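Engineer: Here it is: the structure, laid out below.
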Amino acid sequence: MSDWREFGPDTLSPPLRAALAVFARHGYHGASIRMIAEEAGLSVPGLYHHYRSKQAILAAVVDAAMAEMFQHTRAAVEDAGSDPVARFENLVESLARFHMARRDQAFVASTEIRSMDPDVRDHHIAQRDSQQTMLEDSIRAGVESGHFACEHPEDAARASSSLCVSISSWYRPDGPLTADDVVARQLHFARGMVGAGARRRGR
C-alpha cells in the first residue's frame, strides 16, 4: 500500500454497496431483501443468486470493512518500523482516518453486532479483538521502552479504540473540523491516555 492514510473509492460490489446504504439508513431489522435488491437494481432472485440471506449480506459487508481496516492498520504498523511510539500513533491515526473515510461501514459494523447470528458475531468479535491486540502490543512496547507511563495497557487500548470508533457517528466532511484536525485531536487524547513523554506531545 503506497499510503495508508489515503482512502479511495470503496471496492464493494454493487449488491454490497446497496446493502450498506440500506442498513445505514434503516438498520438491519428495518431493511428487507426487496429494499436491498431495489437499491442494487436487481430482482430479489437476482440478489439471492449472490447471497443466500440477509444475514449473509450483513456478514459480507462487515467482513469487507474489517479487511480494509486491517490492510491500512498493518501498513501503518509497517511504516512505523521499530519505533513503538510511532507504531501506536500510526495505529490511532489509521483507525481515526478509517472511521472518517468509511463512516457507513464503521457505523454498521459497530451498531449491527446485535443483529448478527452467533457464528457471524463470534467471527467479527475475533477480528475486532485482533485489532485491539495490535493497539495493546504497541502500548506495552512503549511502556517497555520508557516512552509511555501506562499501568493498564488493555484499558488504554480499549479507550483509544473507542475514541476512533465514535468518530463515525459524529464526523461530517463538511463540518468545522478537517480530517487532519480530527486526527490531531485523537492523537492528543490517545497520548494522554498512555502517558506519552513530553517530547512527543509537541508533534
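Engineer: Filter the stretch 42-61 for residues that are under 13 Å from Leu20 (Cα atoms) and touching a residue at least 24 places away in the same chain (Cβ under 8 Å); which is most open to solvent (accessible area, probe 1.4 Å)?
Structural biologist: Lys54
Engineer: Does Ala18 count as under 30 Å from Val183 (Cα atoms), touching a Phe, Trp or Tyr at 6+ places or on another chain (Cβ under 8 Å) and in a helix (DSSP H, G or I)?
Structural biologist: Taking the combined requirement at face value, the residue does not satisfy it.
One line per residue, one yes/no per condition, for (1) hydroxyl-bearing (Ser, Thr, Tyr); (2) crowded, with 19+ Cβ neighbours inside 10 Å:
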| residue | (1), (2) |
| --- | --- |
| Arg97 | no, yes |
| Gln105 | no, yes |
| Thr111 | yes, no |
| Ser115 | yes, no |
| Ile125 | no, no |
| Glu144 | no, no |
| Phe148 | no, yes |
| Ser160 | yes, yes |
| Tyr171 | yes, no |
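Residues checked against (1) assigned to a helix (DSSP H, G or I); (2) touching an Asp or Glu at 6+ places or on another chain (Cβ under 6 Å):
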{"position": "Glu6", "(1), (2)": "no, no"}
{"position": "Leu12", "(1), (2)": "no, no"}
{"position": "Ala24", "(1), (2)": "yes, yes"}
{"position": "Pro45", "(1), (2)": "yes, no"}
{"position": "Phe70", "(1), (2)": "yes, no"}
{"position": "Asp79", "(1), (2)": "yes, no"}
{"position": "Arg97", "(1), (2)": "yes, no"}
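Engineer: Follow-up. Only one residue in Val183, Val120 is of a type in the set (A, V, I, L, M), under 30 Å from Ser53 (Cα atoms) and either in contact (Cβ under 8 Å) with a residue 40 or more places away in the chain or in contact with a Gly (Cβ under 7 Å, 6 or more places away or on another chain) (or both). Which one?
Structural biologist: That would be Val120, the only listed residue that is of a type in the set (A, V, I, L, M), under 30 Å from Ser53 (Cα atoms) and either in contact (Cβ under 8 Å) with a residue 40 or more places away in the chain or in contact with a Gly (Cβ under 7 Å, 6 or more places away or on another chain) (or both).
The values are calculated or read from the model by the stated rules, or taken from the named source; none is laboratory data. None of these values were measured; they are calculated from a predicted model. Neighbour counts run over all protein chains shown; Cβ positions are idealised from the backbone, glycine included. Accessible surface is based on the protein model in full, side chains and every heavy atom, while ligands, DNA and RNA are left aside. Shrake-Rupley method; radii C 1.70, N 1.55, O 1.52, S 1.80 Å.
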